[in-house]
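See below for the structure under consideration.
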Amino acid sequence: MQYIFLSDWNYCAEQKLEVLDQYFKISEEKKYGNTIIQMAQSGPDSKTPTILHVFLSLISSAKESIYITTPYFIPNQELLTALIIAAHS
């Protein structure tokens, strides 16, 4: 997440932040639960629609439910069709 933030910042800002080790400290926090998450980076600086590909892959492999959490969810027809097919499965 830190690297994605730095990449986005450096793409948009006039000042460039260095990628320093201090931004990537490994947390010693305990892990809880058994939920798997997937992060995907995409944006105006990406040539590939990575998030769309991740959504389509995850939707097609869902077995029981689908939860999509993003502040920028604007589904295109391809994504809506995948959700409709998954709902009927």
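Each reported figure results from applying straightforward, stated rules to the coordinates on display, with no laboratory input. Source: prediction; values computed, not measured. Using ideal geometry, Cβ is built from the backbone for each residue, glycine included, and neighbour counts are taken over all protein chains shown.
Some observations on this one:
- Its Cα centre serving as origin, segment 10-69 has a Cβ charge dipole (Lys and Arg +1, Asp and Glu -1) of approximately 220 debye.
- Ordering 33, 70, 3 by the projection of their Cα atoms onto the charge dipole of the chain, which places +1 on the Cβ of Lys and Arg and -1 on the Cβ of Asp and Glu, puts 33 at the extreme positive end.
- Cα gyration tensor shape of segment 48-89, rounded if a/c is under 1.5, else prolate or oblate by comparing a/b with b/c: prolate
- Karplus-derived 3J(HN,Hα), 6.51/-1.76/1.60, for each residue of segment 83-89, Hz, glycine and proline x: 5, 5, 4, 5, 5, 7, 6
- Loop chymotrypsin sites (Phe, Trp or Tyr not before Pro), the chain, which have at most 12 other Cβ atoms in a 10 Å radius of their Cβ (DSSP): 32, 67, 72, 73
- Relative counts (whole %) of C-alpha pair distances in the chain, using bins that are 10 Å wide: 12, 35, 30, 19, 4
- Listed values for segment 53-69 are Karplus-derived 3J(HN,Hα) couplings in whole Hz (6.51 cos²θ - 1.76 cosθ + 1.60, θ = phi - 60°), namely 5, 5, 4, 4, 5, 5, 4, 5, 9, 5, 10, 10, 8, 10, 10, 10, 10, and x replaces Gly and Pro.
- Cα-based reach from residue 16 at 17 Å (exclusive), listing aspartates and glutamates while leaving out same-chain residues under 8 positions away: 8, 45
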